[in-house]
Structures are given as structure tokens and as C-alpha cells.
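Asker: This is the structure I have questions about; it appears just below.
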Amino acid sequence: MESSNLSCVICFERFNVPVTIPCGHTFCLNCITVHWDTKAEGGLDIQCPICNETFNPRPILKRNVSLSLLTETAAHCVETRGAIPVSRQSNTVPPEAVCDRHTKPLVIYCTNDNKCVCYECAIRECDKHDKVLVEVEREKREEGLRRKSGEVEKHMEDTEKSITELTENIAKSKVSLQQTSLWMNAKFAQLVKVLAEKQECMMNFIEQERQTALTQAEAQLATLEDRAQRLRETQGQIAALNAMPDIQFIQESRFVEVPQMKETSVNVNTNLQDKLSAVTEVLSRISKLVLEDLEKAINATVGQDKQGSPQDKRPVLAVVPSPATPCYPAAKEGLSAFHCALTFDPRTANANLQLSQGNRRAEHLTSAPRPVHAHEARFDTTWQVLCFQGFTHGQHYWEVEVSKPWAYLGVTYQGIPRKEKGKRCMVGMNELSWSLQLDERQLSAWHNGRKEAVAGQPQQHRIGMLLDYEAGTLTYYGDGQARLHAFHCAFSQELFPACWIGEGVSVTLCPP
């Protein structure tokens with residue numbers, strides 16, 4: 001009497017409280033109830049699992065009494081015969097889609113446990129969990145995969161587009177980099193060529209001026225030598241007359257005449273400095289551009305300043321490179337190789353400045369000026385003093401200690417004004433001198449009364465100065481040998497270190 005008509009198509013077991021829905025199909029009460037509850041939770045229509053007929057509203061389930069009696073009778077007959085009940089149809093469900101514990105189809109997806117379960121697991125173990133039908137979860141997952149597939153396709157399109165764009169940019173960059181390299185080489189080559197041509201032109205001009213000046217001077221020398229010869233001859237004639245008898249002496253002395261000749265200059269006119277002033281000014285600007293601005297730009301570009309700029313380190317020959325700068329053995333490289341001993345010149349010291357420590361320390365007195373002897377070299381109204389030592393060639397380095405940042409430190413030609421009132425006598429305030437101003441707020445470089453702000457810590461107490469006469473550079477170093485500033489100029493006269501000292505300030509020349 002056992003047949004598949006007595007089995008529920010949901011659980012594949014004999015009906016347990018069979019109920020018949022309006023379309024005529026029968027299911028276990030619990031099976032169809034769980035099935036419809038799951039549908040409702042997923043927002044789906046209430047349908048028959050077999051014919052998919054939709055019911056709205058949801059039917060009220062009532063027990064099929066006749067089928068219940070038939071099911072109980074069939075069960076009783078099986079038990080009396082000792083038959084084995086047919087509880088499932090495993091041939092209709094894939095093995096991997098059957099519950100391992102209950103050997104029933106996995107038709108429910110438990111979202112809490114994130115796995116597929118059978119109806120019995122859904123009723124007993126996942127009773128209070130969120131559940132949906134497997135096909136509903138599949139639709140949800142398929143929708144998610146379709147969305148992800150769209151995203152992947154979009155990313156693939158963007159990636160392919162980026163690959164194409166990058167390939168084009170690489171090709172453009174190769175052309176641009178090649179053009180930049182050619183342009184840079186051409187600019188440097190042109191600059192070197194122009195400098196070489198102008199150097200040759202100036203050397204030829206200087207040689208012509210030298211030849212002209214020497215030719216003129218040699219002509220003057222020949223004129224003077226001819227004069228000397230004629231004077232010697234006259235002197236010999238007079239000596240011969242002195243040996244003659246009186247009558248003859250009187251007669252012959254009438255014919256002696258002193259040679260009359262025009263005055264001949266003994267100066268050699270070589271006013272090259274005036275003629276080349278415009279050129280030297282341009283070369284000074286070019287020197288600053290190449291030795292400072294270009295150096296800084298290249299260091300910033302290639303990243304050499306990560307460990308500190310080479311200009312901030314020794315040897316100093318790397319600080320102010322110049323074709324005129326000689327090379328020294330490695331043992332003599334560095335600032336110490338050029339350190340020189342200086343002393344202040346008391347003849348130049350203003351009356352407000354008092355010298356001590358063997359004329360190596362100058363202090364601005366806060367009391368009345370000290371009595372001093374008048375001297376043409378003394379600064380009468382300017383709080384200034386020069387060093388006794390001057391320089392006309394070579395490299396020289398010295399350091400000074402300043403008690404407070406209120407001073408001007410620099411170099412000057414001998415002809416700096418000394419008796420005038422006002423700032424013109426101050427070092428850096430005229431065309432004859434260069435200076436670095438120490439101030440509590442900032443550092444400033446001065447030449448010919450023009451000011452240039454200097455980057456760096458204004459509170460500097462020990463200043464180093466390197467003069468490279470042939471290279472035309474005056475470089476300043478702050479505390480810790482940090483490079484502060486450099487002047488570029490074609491020096492033409494003897495240079496003397498100079499200090500302007502504010503009230504209550506002392507400046508000390510440091511020994512080598």
C-alpha cells in the first residue's frame with residue numbers, strides 16, 4: 001500500500017499531518033508552512049511548490065482527514081510486514097545537495113550560519129535564524145555577481161584605457177626628455193662657447209692695450225734717455241771749459257747753452273679698470289649666477305642637498321670654484337689652510353672704540369670717547385676700525401667673535417672716506433667696500449649702499465670670512481661653518497678687513 005502518493009514532495013517522507021491546498025496538491029502541514037513563511041520573508045508570492053499557482057491571500061491550511069487515515073493505515077501495514085519504508089528518493093537529488101545528517105534536500109539557506117540546510121535542520125536547529133529559500137539566495141548572489149562582473153568590466157575598460165594612455169605618454173616623454181637633453185646640452189655648449197669667445201676677445205683687447213701702453217712708455221723712456229745723453233754732453237762741455245785758460249774760457253763759455261726740452265710724463269697710462277668696468281660688472285653678476293644660483297638650482301634638482309649642500313661643507317675650494325683658483329693638495333684643503341692672523345690698526349680706530357688683547361679686540365665704549373691723536377687714517381665720526389693687514393692676492397680666511405648682533409663686518413679699499421659725516425664712511429655703504437650686517441632681526445649684505453637680504457639665523461656670534469682675491473669672491477660663514485653669503489667682484493686694489501661696531505658691542509679677531 002506504500003506509494004509515492006503518500007509522500008510529501010518537500011521532505012520526501014510519508015505525510016505528517018497532510019494538508020491539501022486550493023490547487024489540489026498535498027503536503028505536510030509543517031513543510032508547506034515553513035515553505036510559505038520563507039517565501040513571505042523574501043517578499044515572494046505564495047505559490048504551490050509543484051504547479052506554481054499563486055494564492056492571494058494565503059490559504060488557511062486544514063488537515064486532509066481521508067489522506068491522514070490512508071497514511072496511518074499504510075504505515076501500520078508496513079510495520080506489520082516488517083517492510084523497509086521508502087523514506088526518500090535519493091535518485092532525484094544530487095548527493096551533494098542532501099543533508100548529511102537527515103539525508104534530505106538542502107532547500108533552505110541560513111543567513112546566520114552562512115550555509116544551506118534541509119527543512120528539518122531549518123525547523124529544529126535554525127528555528128530562530130534568518131532563512132531564505134536556496135533559489136532566493138541564489139538569485140541574490142547572482143545579482144551580486146552580475147554587479148561585480150559589471151564593476152570588473154568597468155575596471156578592465158579603465159585599465160585598458162590607462163595602459164593605452166600610459167603607452168602614449170611614455171612615447172611622448174621619450175621625445176620630451178630627448179629634446180630637454182638636447183636643449184640643455186645646447187645651452188651649456190653655447191654658454192661655454194660664448195664665454196670662450198668673449199674671453200679671447202678680451203684677452204686680445206688687453207694685449208693690444210698692453211702693447212699700446214708699453215710702446216708709449218718705451219717712447220717716453222727713449223725721449224728721457226736722449227735728454228739724459230744731451231745733458232751729459234753739455235756737462236762734459238762745461239767740464240772741458242773749466243780746464244781752459246782764462247781768455248779762451250771766456251771766449252768759449254759764451255757758446256754753452258742748457259738744452260731746453262719739453263716735459264716728459266713718467267706715468268704709464270693703463271686705464272684698463274675704467275675701460276673694463278662694464279665688463280667686470282657683468283662678469284660679477286655672471287659669477288654669482290653660475291657659482292651660487294645655478295649651483296643651488298642644480299643641487300635642488302638632483303637632490304644633493306639631502307646630506308647638506310656641498311657649499312656648506314669643506315673644502316672651501318668647492319664653495320667658490322673659479323678658473324683662477326689654484327688646486328691644493330688634499331692635506332691643505334679646507335678653511336684652515338687659508339687661516340691668517342689679523343690685528344686692528346689703532347691709527348684707524350674711532351675714538352669710541354677701545355683696542356685691547358694685543359689689538360685683537362675692539363670694544364665700543366658706552367662712556368665718553370677716549371682721547372686720541374689726530375691722524376689722517378682715523379675714522380672721525382664713524383664707529384669703525386680697519387685691520388693693519390691688507391691683501392692684494394691669494395686666499396685668506398679669518399674669523400671674528402661678536403658679543404651682540406649689532407655690527408658690520410667686511411673689507412674695503414684704502415681710499416674709503418674717513419672724515420665725512422653720515423653713512424658713506426661705513427663699510428658696505430660705498431663703492432669701495434663690502435660688508436655683512438649683523439642684526440637681531442635679520443642678516444643683510446651691503447655694497448655701494450645697496451642692501452640684499454641674507455637667509456639664515458640672525459643670531460650669529462662667530463663669523464668666518466674667506467677672501468679669494470683672484471676669483472673675486474668674499475664668502476661669509478656662520479656658526480658651525482654654515483655658508484651665509486658670497487660677494488662676487490673683480491677686485492683691483494688692496495683690501496683691508498673692516499668692522500663697524502655698535503654701542504656696547506665688542507668684536508674679537510680669533511687667532512688661527
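Asker: Just the projected area, averaged over all directions, of the convex hull on the alpha carbon atoms of the stretch 421-485: how many nm²? Mind showing how you got there, number by number?
Answerer: Working: hull surface 19.4 nm².
For the stretch 421-485, the mean projected area of the Cα convex hull comes to 4.8 nm².
Asker: Can you tell me the orientation of helix 277-288 relative to the chain, as the angle in degrees between its alpha-carbon axis and the longest Cα principal axis, to the nearest 10?
Answerer: Helix 277-288 sits roughly 30 degrees off the main axis of the chain.
Asker: How tilted is helix 65-81 with respect to the longest principal axis of the chain? Cα atoms for both, answer in degrees (0 to 90, nearest 10).
Answerer: Rounded to the nearest ten degrees, it is 80.
Asker: With r defined as the distance between the Cβ atoms of residue 227 and residue 166 and R0 fixed at 60 Å, what FRET efficiency is calculated, to the nearest 0.05? Mind dumping the intermediate values first?
Answerer: Working: r = 89 Å, r/R0 = 1.48.
Efficiency, rounded to the nearest 0.05: 0.10.
Asker: Checking the cross-link filter: which aspartates and glutamates have an alpha carbon closer than 15 Å to that of residue 404, excluding same-chain neighbours under 8 positions apart?
Answerer: 363, 439, 440, 479, 503
Asker: As a quick test, which of the pairs 174/296; 39/148; 288/419; 174/288; 187/296; 39/115 have an alpha carbon distance above 22 angstrom in this structure? Kindly include the intermediate steps, with their values, before the conclusion.
Answerer: Details: 174/296 27 Å; 39/148 26 Å; 288/419 33 Å; 174/288 34 Å; 187/296 18 Å; 39/115 18 Å.
174/296; 39/148; 288/419; 174/288, as the Cα separations exceed 22 Å there.
Asker: Next up: Let me have the 222 nm mean residue ellipticity of the chain computed from DSSP H runs of 4+ only, each contributing -39500 (n - 2.57), with the sum over all residues rounded to the nearest 500. Walk me through the numbers before you get to the answer.
Answerer: Details: 8 runs with 178 residues, N = 512.
Mean residue ellipticity at 222 nm (helix-derived): -12000 deg cm²/dmol.
Asker: On to the next question. Here are several values of Rg and Dmax of the Cα atoms in Å: (i) 55.2, 199; (ii) 22.8, 66; (iii) 22.3, 71. Which one was derived from the coordinates shown?
Answerer: Comparing each candidate, only (i) matches the computed number.
Asker: Still on this structure, please answer the following. So what are the ³J(HN,Hα) numbers for the stretch 340-357, from phi and the Karplus equation (6.51, -1.76, 1.60; θ = phi - 60°), rounded to whole Hz, Gly and Pro as x?
Answerer: 10, 9, 10, 9, 6, 8, x, 5, 9, 5, 4, 4, 7, 9, 10, 9, 7, 6
Asker: Please enumerate, by chain and number, the lysines with C-alpha under 23 Å from the C-alpha of residue 421, excluding those fewer than 8 residues away in the same chain.
Answerer: The reachable lysines, counting only those whose Cα sits under 23 Å from residue 421, are 451.
Asker: As I understand it, the value is the acute angle between the Cα axis of helix 134-242 and the longest principal axis of the Cα atoms of the chain; what does it come to in degrees, rounded to 10?
Answerer: 0
Asker: Right, next: Please list, in chain and number order, the residues 5+ apart from residue 109 or on another chain whose amide H is under 5 Å from its amide H, with Hs placed from the backbone.
Answerer: Under 5 Å from the amide H of residue 109 lie the amide H atoms of 117, 132, 133, 134, each far enough along the sequence or on another chain.
Asker: Same structure again: Express in Å², to the nearest 10, the accessible area of residue 413 obtained by rolling a 1.4 Å probe over the protein heavy atoms while all chains stay in place.
Answerer: 10
Asker: May I pose another question? When the accessible area of the chain is split by element with a 1.4 Å probe, what percent falls to carbon and sulfur?
Answerer: On the way: 16730 of 31060 Å².
The value for the chain is 54 percent carbon and sulfur by accessible area.
Asker: Using the alpha-carbon centroid of each, what span in Å lies between the stretch 170-247 and the stretch 407-476?
Answerer: What the calculation gives is 34 Å, centre to centre.
Asker: Any idea of the accessible area per residue across the stretch 213-255, 1.4 Å probe, to the nearest Å²? Mind showing how you got there, number by number?
Answerer: Details: 3300 Å² over 43 residues.
That works out to 77 Å² for each residue.
Asker: Moving on to the next point. Collect residues whose amide H, placed 1.01 Å from N in the peptide plane, falls under 5 Å from the amide H of residue 430; neighbours closer than 5 in sequence don't count.
Answerer: For residue 430, whose amide H was placed from the backbone, the distant partners under 5 Å are 448, 449.
Asker: Output wanted: per-residue J couplings in Hz (rounded whole) for the stretch 244-252, from phi through Karplus 6.51 cos²θ - 1.76 cosθ + 1.60, θ = phi - 60°, x for Gly and Pro.
Answerer: For the stretch 244-252, the Karplus curve yields 7, x, 4, 4, 5, 4, 5, 5, 7 Hz.
Asker: Once Lys and Arg get +1 and Asp and Glu get -1 on their Cβ, which of 256, 278, 242 lies farthest toward the positive end of the dipole of the stretch 212-308?
Answerer: Of 256, 278, 242, it is 278.
Asker: Let me ask something else. With charges set only on the Cβ (+1 for Lys and Arg, -1 for Asp and Glu), what does the dipole of the chain come to about its Cα centre, in debye to the nearest 20? Please report the intermediate quantities before stating the final value.
Answerer: Details: 56 positive and 63 negative charges, 160 e Å.
Its charge dipole is roughly 760 debye.
Asker: Mind checking the stretch 16-77 for chymotrypsin sites (Phe, Trp or Tyr not before Pro) that DSSP puts in a loop (not H, G, I, E or B) and that have at most 15 other Cβ atoms within 10 Å?
Answerer: Qualifying residues, ordered by number: 55.
Asker: Once phi is turned into ³J(HN,Hα) by the Karplus curve 6.51 cos²θ - 1.76 cosθ + 1.60 with θ = phi - 60°, what whole-Hz value does each residue of the stretch 434-444 show in order, with x for glycine and proline?
Answerer: Per residue, the Karplus-derived 3J(HN,Hα) values read 9, 8, 10, 8, 9, 9, 5, 8, 7, 9, 9 Hz.
Asker: Over the stretch 428-482, what relative contact order in percent results from Cα pairs under 8 Å that are six or more residues apart?
Answerer: Details: 94 pairs, mean separation 13.4, N = 55.
Relative contact order, the stretch 428-482: 24 percent.
The values are calculated or read from the model by the stated rules, or taken from the named source; none is laboratory data. Computed from a predicted model, the values in this text were never measured in an experiment. In this analysis, Cβ positions are derived from the backbone assuming ideal geometry, glycine residues included, and neighbour counts consider all displayed protein chains. Only protein heavy atoms, including side chains, enter the accessible area calculation; ligands, DNA and RNA are left aside. Shrake-Rupley method; radii C 1.70, N 1.55, O 1.52, S 1.80 Å.
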